[in-house]
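This is the structure I have questions about; it appears just below.
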Amino acid sequence: MRIGLTGMGASVDKIVGQAARAEEEGFTSLWYASTVAGDPLTAIAIAGRSTNRIELGTAVLQTYPCHPVLQANRVAAVVSAMNRPGFTLDIGPSHRALVEGVYGQSYDHPARNTQEYMHILTAALHGRDVDFQGRDWSAHCAGVVAPLAYPVPTLLAALSPRLLQIAGELADGAICWMATAKALESRIVPGVSGAAAAADRPAPRIVAGLPVAVHEDRDAAREAVAASSAVYSGMPNYQRILDAGGAATAADAAIVGTEHAVTQQLQALLDAGATDIWANIVPVGTDRAASARRTRELLRSLLTGP
């Protein structure tokens, strides 16, 4: 299995230490949220200079606060700082509560906004001149980004049918947080793969992200997940994908149980069409370190190389 972990760290030492350990243990990737180190691109630039092989990706870099031309130049700076391949850019439109409530921007057309953003961003990252006039985003410039020393794959945080279509048409795939095997099989994979095939693009990458906890007491494990996942209950985007996957809450969608049960559930994600697993380890019980270590050891045992 290709298994990545959640990237973390509030200081340079912790960011570097986690990345070095994950690479040494054979994990294929680390996925950094928008709040890590104040900016995931900063965390990735730091971690990338201290590692050699592990993939480092944003999950998720929000589109609304940053013009796609500026975003492309920020990406170029990260590639230069890392000085190696292995950076993956995952972007997404985030959620109405954040975009309208915090940024003060309209969230009336997130799919259209994302489509226009991707047109400009991908053109810039591939070194093409940009001449695009949209309703939400526009850009008219030549030589936006100097040729990148290493290619940067783009993934789209996609859960809705329209965003899944955009992921297949314009991105290299999708990263899906809170999508169960049922949701992958019924919605995510057909949506992305169908759009990619219709656009005559290569088979897309599909990264399935879920909380994971190895523990005999599934109820206790789900309680631990619920305690760290309350924020998702107020986000319609996540609630819709949970509903599609037959889960009422994030705790219901989580991968929990004994080593054997967790292995079966992870395999079910791959059988449903995921190409990669993004495991967010959730400690259970009073000895959190021992609990996290047990889950991590199982995940390590399932790694099958790059």
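Looking at Ser229 and the list (1) touching a helix residue (DSSP H, G or I) at 6+ places or on another chain (Cβ under 9 Å); (2) closer than 22 Å to Arg187 by Cα, which single condition is not satisfied?
Condition (2) is where Ser229 drops out.
Residues of region 20-39 being of a type in the set (Gly, Ala, Ser), in a helix (DSSP H, G or I) and within 15 Å of Ala279 (Cα to Cα), which ones?
Hit for region 20-39 is Ala22, nothing else.
Quick one: in region 46-85, of everything that is among the small types (Gly, Ala, Ser) and surrounded by fewer than 22 Cβ atoms within 10 Å (Cβ to Cβ), which residue is nearest to Asp13 (Cα to Cα)?
Result: Ser50.
Looking at Gly257, Gly209, which one is under 20 Å from Ala292 (Cβ atoms) and under 17 Å from the mean Cα position of the chain (by Cα)?
Step by step, each of Gly257, Gly209 is checked, and only Gly209 is under 20 Å from Ala292 (Cβ atoms) and under 17 Å from the mean Cα position of the chain (by Cα).
What number of residues in region 261-299 are in contact with a Gly (Cβ under 6 Å, 6 or more places away or on another chain) and closer than 16 Å to Thr28 by Cα?
The number of residues fulfilling the criteria is 1.
With respect to Ala203, determine if the residue is surrounded by fewer than 18 Cβ atoms within 10 Å (Cβ to Cβ) and more than 24 Å from Pro110 (Cα to Cα).
Answer is yes for this residue.
While we're on this one: Taking region 39-60 as the region of interest, how many residues are touching a residue at least 40 places away in the same chain (Cβ under 8 Å) and either under 12 Å from Asn83 (Cα atoms) or of a type in the set (A, V, I, L, M) (or both)?
Count: 6.
Would you confirm whether any residue within region 156-164 is assigned to a loop (DSSP other than H, G, I, E, B), in contact (Cβ under 8 Å) with a residue 60 or more places away in the chain and aliphatic (A, V, I, L, M)?
yes
Which ones in region 124-153 are part of a strand (DSSP E or B) and out of contact with any helix residue (DSSP H, G or I) (no Cβ under 6 Å at 6 or more places or on another chain)?
Of everything in region 124-153, those that are part of a strand (DSSP E or B) and out of contact with any helix residue (DSSP H, G or I) (no Cβ under 6 Å at 6 or more places or on another chain) turn out to be Asp131, Gln133, Ser138, His140, Cys141.
Can you pull out every residue in region 187-200 that is part of a helix (DSSP H, G or I) and either closer than 17 Å to Asn237 by Cβ or not hydroxyl-bearing (Ser, Thr, Tyr) (or both)?
Arg187, Ile188, Val189, Pro190, Gly191, Val192, Gly194, Ala195, Ala196, Ala197, Ala198
A quick yes/no check of all residues on (1) closer than 24 Å to Tyr32 by Cα; (2) modelled with pLDDT under 95:
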{"residue": "Leu210", "(1), (2)": "yes, no"}
{"residue": "Ala213", "(1), (2)": "yes, no"}
{"residue": "Asp217", "(1), (2)": "no, no"}
{"residue": "Ser228", "(1), (2)": "yes, yes"}
{"residue": "Tyr232", "(1), (2)": "yes, yes"}
{"residue": "Gly246", "(1), (2)": "no, no"}
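Kindly provide the set of residues from region 267-280 that are surrounded by 19 or more Cβ atoms within 10 Å (Cβ to Cβ) and either acidic (Asp, Glu) or within 17 Å of the chain's Cα centre (by Cα) (or both), ordered by number.
Correct list: Leu269, Ala274, Asp276, Ile277, Trp278, Ala279, Asn280.
A further question on this structure: Would you pick out the residues in region 61-78 that are part of a loop (DSSP other than H, G, I, E, B) and in contact (Cβ under 8 Å) with a residue 60 or more places away in the chain?
Within region 61-78, His67 is the sole residue that qualifies.
So Gly9 ticks every box in (1) over 18 Å from the mean Cα position of the chain (by Cα); (2) surrounded by 16 or more Cβ atoms within 10 Å (Cβ to Cβ); (3) in a loop (DSSP other than H, G, I, E, B) but one. Which box is left unticked?
Single failed check for Gly9: (1).
Can you pull out every residue in region 104-131 that is closer than 15 Å to Leu70 by Cα and among the aromatic types (Phe, Trp, Tyr)?
Of everything in region 104-131, just one residue is closer than 15 Å to Leu70 by Cα and among the aromatic types (Phe, Trp, Tyr), namely Tyr117.
Quick one: what pairs do we get from region 227-251, first residue closer than 20 Å to Leu269 by Cα, second crowded, with 18+ Cβ neighbours inside 10 Å and acidic (Asp, Glu), C-beta under 9 Å, 6+ apart or different chains?
none
Taking the condition of being hydrophobic (A, V, I, L, M, F, W, C), farther than 17 Å from Tyr64 by Cβ and either modelled with pLDDT under 95 or surrounded by fewer than 24 Cβ atoms within 10 Å (Cβ to Cβ) (or both), how many residues in region 132-158 meet it?
Number satisfying all stated conditions: 9.
If we keep just the residues of region 79-113 that are in contact with a strand residue (DSSP E or B) (Cβ under 7 Å, 6 or more places away or on another chain) and either of a type in the set (Asp, Glu) or not in a strand (DSSP E or B) (or both), which is farthest from Val145 (Cα to Cα)?
Filtering region 79-113 for residues that are in contact with a strand residue (DSSP E or B) (Cβ under 7 Å, 6 or more places away or on another chain) and either of a type in the set (Asp, Glu) or not in a strand (DSSP E or B) (or both), the one farthest from Val145 (Cα to Cα) comes out as Ser94.
The values are calculated or read from the model by the stated rules, or taken from the named source; none is laboratory data. Only a predicted model underlies this, so the values are computations on that prediction, with no experimental measurement involved. As a convention, Cβ positions derive from the backbone with ideal geometry for all residues, glycine included, and neighbour counts pool all protein chains shown.
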